[in-house]
Amino acid sequence: MSPFNELIHQPVRLQIMAALNALDDESQLDFGALRDLLGVTDGNLATHLRKLEDAGYIQVTKTFVGRRPRTYIALTPLGRQAFADHVQALKEILKNA
Amino acid sequence: MKHAPVSPAEAQEALDLIENTTQHMRRALAHGGMPYFLIIWGLVWTLGYGATYFLGADSPKVGLVWLILTTLGTLGSFGVGAHLGRRVRSPRGLRIGLYWLAWMLYAALIIHFAHPQSGDQLALLISLFAMMGYVSSGLLYRSGFLAILGLAVTALIVAGYLLVPSFFNLWMAVFGGGSLIAAGLYILRAWR
């Protein structure tokens with residue numbers, strides 16, 4: 001039985017993990033691009049990102065492009081595995097229904 | 001993490017949300033800059049081939065028009081690429097840029113040594129090389145839309161060259177450039 005992950009299951013965090021999981025291992029997504037994709041506010045997104053970062057599921061990198069600060073987000077290997085396990089857990093719930 | 005059972009309906013809802021987000025993200029990645037590239041190069045083709053038709057292929061102004069248009073097109077493409085690179089940091093963007101640079105180099109070398117015998121043949125070769133780039137990069141980066149568009153425009157190019165040779169440049173301006181612009185506008189409208 002794959003572990004059901006309550007932290008990931010929250011809808012916004014589920015979408016964050018799904019969006020980042022669609023990137024390849026080498027890619028990072030800009031904070032603004034993720035915000036636009038999910039249609040959430042900066043504050044809301046930052047709150048959910050902090051929880052995922054604290055769990056070690058995502059890596060947040062702050063840098064500068066030219067003179068502008070940019071924040072990039074990527075899944076960690078632990079986060080990718082946790083997401084895969086959670087998806088599997090959801091499928092098993094359906095299968096056992 | 002403790003086990004937190006949810007109903008099958010809730011599990012299905014979550015899986016649907018994951019699937020929708022994944023598809024949205026993949027589409028944004030695959031097609032984020034494509035409409036702009038298509039519109040930029042569609043305009044280059046429409047204006048360039050239109051100028052070639054109306055000024056005459058032998059006019060000394062035609063070469064200058066093409067030089068200006070392709071320079072603007074290349075600069076515009078780099079601008080779009082740089083903008084996209086700020087949204088997703090990935091070695092893939094650099095690889096796509098290098099792919100097209102290599103493609104341009106080989107196309108220029110092959111066309112130079114092939115010695116096309118007329119302006120129309122030169123236009124045919126350049127256009128076919130461009131569409132070869134669309135089809136191959138579409139296959140490489142799993143964009144069926146780009147690959148199919150490349151094949152469709154290739155068919156239009158060959159048809160125009162064989163069926164209406166006297167109006168080939170006008171044909172290319174309308175159907176070649178027009179197809180690229182229409183495809184770019186379609187993506188902007190349908191996929192955003």
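Worth pointing out:
- B:T74 paired with A:R68, simple spin-label distance in nm, labels 7 Å along Cα-to-beta-carbon: 2.6 nm
- Think of each Lys and Arg Cβ as +1 and each Asp and Glu Cβ as -1; about the Cα centre, that makes the dipole of segment A:6-92 roughly 380 debye.
- For segment A:28-35, 3J(HN,Hα) computed residue by residue from phi via the Karplus equation (6.51, -1.76, 1.60; θ = phi - 60°) reads 10, 9, 5, 3, x, 5, 5, 4 Hz, glycine and proline entered as x.
- Förster-model FRET efficiency, 35 Å R0, A:D54 and B:H83, C-beta, rounded to 0.05: 0.65
- Spatial offset of segment B:113-192 relative to segment B:17-82 amounts to 12 Å, using the alpha carbon center of each.
- Estimated FRET transfer efficiency when R0 is 22 angstrom, pair A:T61-A:Q81 (beta carbons, to 0.05): 0.60
- Per-q log10 I(q)/I(0), the protein assembly as shown, q = 0.07, 0.14 Å⁻¹ (Debye; single scatterer per alpha-carbon; no solvent): -0.37, -1.00
- Given charges at Cβ of Lys, Arg, Asp, Glu: chain B dipole, positive-most of B:S7, B:Q121, B:W100: B:S7
- Taking label positions 7 Å along the Cα-Cβ direction at both B:L151 and B:Y186, the computed distance is 1.4 nm, reported to one decimal.
- On full extension, the segment bounded by B:A102 and B:A159 gains 17.7 nm, given 0.36 nm per residue less the C-alpha separation.
- Angle in degrees between helix A:11-21 and the longest Cα principal axis of chain A, rounded to the nearest 10: 80 degrees
- Cβ-Cβ FRET estimate between A:R35 and B:H112, R0 fixed at 30 Å, reported to 0.05: 0.05
- Virtual paramagnetic centre 7 Å along Cα→Cβ of B:S7, amide N under 19 Å, in segment A:1-32: A:9-11
- Note on chain A: GNM, Cα springs under 10 Å; of A:R70, A:R80, A:R50, the largest mean-square fluctuation is that of A:R70.
Every read-out reported here was derived from the displayed coordinates using simple, explicitly stated rules and does not represent laboratory data. Values in this document were obtained by computation on a predicted structure and should not be read as measured data. With ideal geometry, Cβ positions are generated from the backbone for all residues, glycine too; neighbour counts draw on all protein chains shown.
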